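Single-structure report; data block below.
The values are calculated or read from the model by the stated rules, or taken from the named source; none is laboratory data. Note that the structure is a prediction, hence the values are computed from the model and not measured. A quick note on method: Cβ atoms are made from the backbone with ideal geometry, for glycine too, and the neighbour counts reach across all protein chains shown.
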Amino acid sequence: MKIIYLSLITLLLFSNICFAADFASVDDVKLDLDEFIEVDCILVFGHDLSKVERTSLKFLDTIYPDIATVESINATDYNISINKIPILIGGPNQNELTQEILDKMVNITERELSFGILLFGTDNEGKKYVIFSDKAGLENVKKNLERSPLAKIIPIKFIPAAATGIGISLMWLWKFLFKFFYRAFRLTASSKIMRYVKKKKFKNEYKGFKFKGVRIKYREWFSILGAAAIFALASAYSFYSKDFKTLVYVSFFVNCIIYAIRHITRLVMDKRYSHHTEYVFWIWGGLITIISGWLGNTFCLAGYTLSESETKKGAKISYNINLWSFLASIIFLIINFVFPSKFMQMAVILCMSLAVIQMMPFKPFSGKNIYKWNLKKWYFTAIPMFMVYFLVSIWV
């Protein structure tokens with residue numbers, strides 16, 4: 001099983017490296033910038049520059065010695081009406097003005113430097129802009145918390161935590177809400193409709209085939225694909241992207257790979273331990289996934305695993321898969337520091353979310369059975385998972 005996860009990491013890393021570009025030479029950069037770097041320009045610094053981005057100043061000093069005399073200000077003090085050409089130091093995650101400028105630019109040229117990335121171009125009115133960023137500052141997706149409905153009632157920095165808390169509350173309440181609405185709906189709905197909304201029960205019969213003893217069920221893989229699509233859409237919505245469609249495609253591609261790897265692993269382990277499980281689509285979970293993504297932090301899953309019987313084998317299988325998913329998310333996180341890309345970030349988000357949510361100690365998640373099976377393992381695994389998730393997805 002470890003080989004499967006190593007293959008997943010290799011595949012996503014290869015997808016990331018395929019987009020790498022050659023570094024531009026100093027002469028090429030100077031030729032590009034001669035049209036932009038003039039006496040009448042202004043340096044605009046972000047609030048949280050990295051050492052790599054500060055290196056861009058030394059780079060400018062080298063090719064333009066007169067840059068030392070140019071006026072410099074913080075991004076918060078910049079007024080868009082200033083006629084001077086702004087040289088922005090810091091990507092969207094380090095300079096709050098950079099994303100605003102990127103949204104305005106229509107003719108953008110990108111040059112990859114040895115220490116980061118250079119962007120320059122104009123807006124619709126012909127005004128010129130120059131941006132220096134490290135790869136993390138430019139390539140890392142940024143949560144678009146300003147468009148969350150919670151932004152109207154609470155400070156933006158608390159939105160991810162609030163969205164996660166609402167998601168957890170709705171997941172925990174689902175069984176009570178389900179019973180209430182099920183009884184109310186049963187009074188008016190036909191029996192045919194009720195078959196689709198009633199509580200899921202494990203079914204031994206299925207349409208599909210076996211491959212080397214592993215059950216391949218058509219309905220199960222439709223559920224897996226649907227759950228991957230919903231999480232991809234919700235997580236993409238909660239992040240900012242100039243090209244939202246591309247972010248959705250990237251998220252869906254990564255989700256499909258990780259979901260497939262995770263569930264193939266489960267099916268192989270089912271065969272090994274003579275266990276029988278099936279992944280089913282969860283309508284209520286899908287709604288919570290969309291709602292939490294809309295609120296600012298995607299925290300739910302649109303499906304869960306039914307088991308033929310709650311056994312120690314089933315709990316052990318779930319525990320191992322959750323643990324491997326979490327370790328994979330840490331590896332993706334480390335890779336993203338070196339080779340930042342949307343591929344890696346979406347992989348981190350999904351793997352960590354899958355592990356953390358599935359370790360929740362209440363139904364319909366596997367954490368309930370793991371908690372019963374081995375309390376110590378649950379505490380020593382789940383608590384660190386929750387803490388890392390908080391640091392990576394909510395606090396940062």
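How do the pairs read when you match residues in region 370-385 that are more than 18 Å from LYS312 (Cβ to Cβ) with residues anywhere that are modelled with pLDDT of 90 or more, using Cβ under 9 Å and keeping only pairs 6 or more apart or on different chains?
As it stands, the answer is PRO384/PHE326; MET385/ASN322; MET385/LEU323; MET385/PHE326; MET385/MET352; MET385/ALA355; MET385/VAL356; MET385/MET359, since those pairs meet every condition given.
Counting just the residues of region 222-281 that are closer than 22 Å to THR164 by Cβ and hydroxyl-bearing (Ser, Thr, Tyr), which one comes out surrounded by the most Cβ atoms within 10 Å (Cβ to Cβ)?
SER251
Is it true that MET346 is in the same structural domain as GLY165 (by TED's automatic domain parsing), in contact with a helix residue (DSSP H, G or I) (Cβ under 9 Å, 6 or more places away or on another chain) and part of a helix (DSSP H, G or I)?
Yes: the conditions hold for MET346.
Please find, among SER309, SER318, the residue that is in the same structural domain as GLY165 (by TED's automatic domain parsing), of a type in the set (Gly, Ala, Ser), farther than 30 Å from LYS245 by Cα and surrounded by fewer than 22 Cβ atoms within 10 Å (Cβ to Cβ).
On inspection, the qualifying residue turns out to be SER309.
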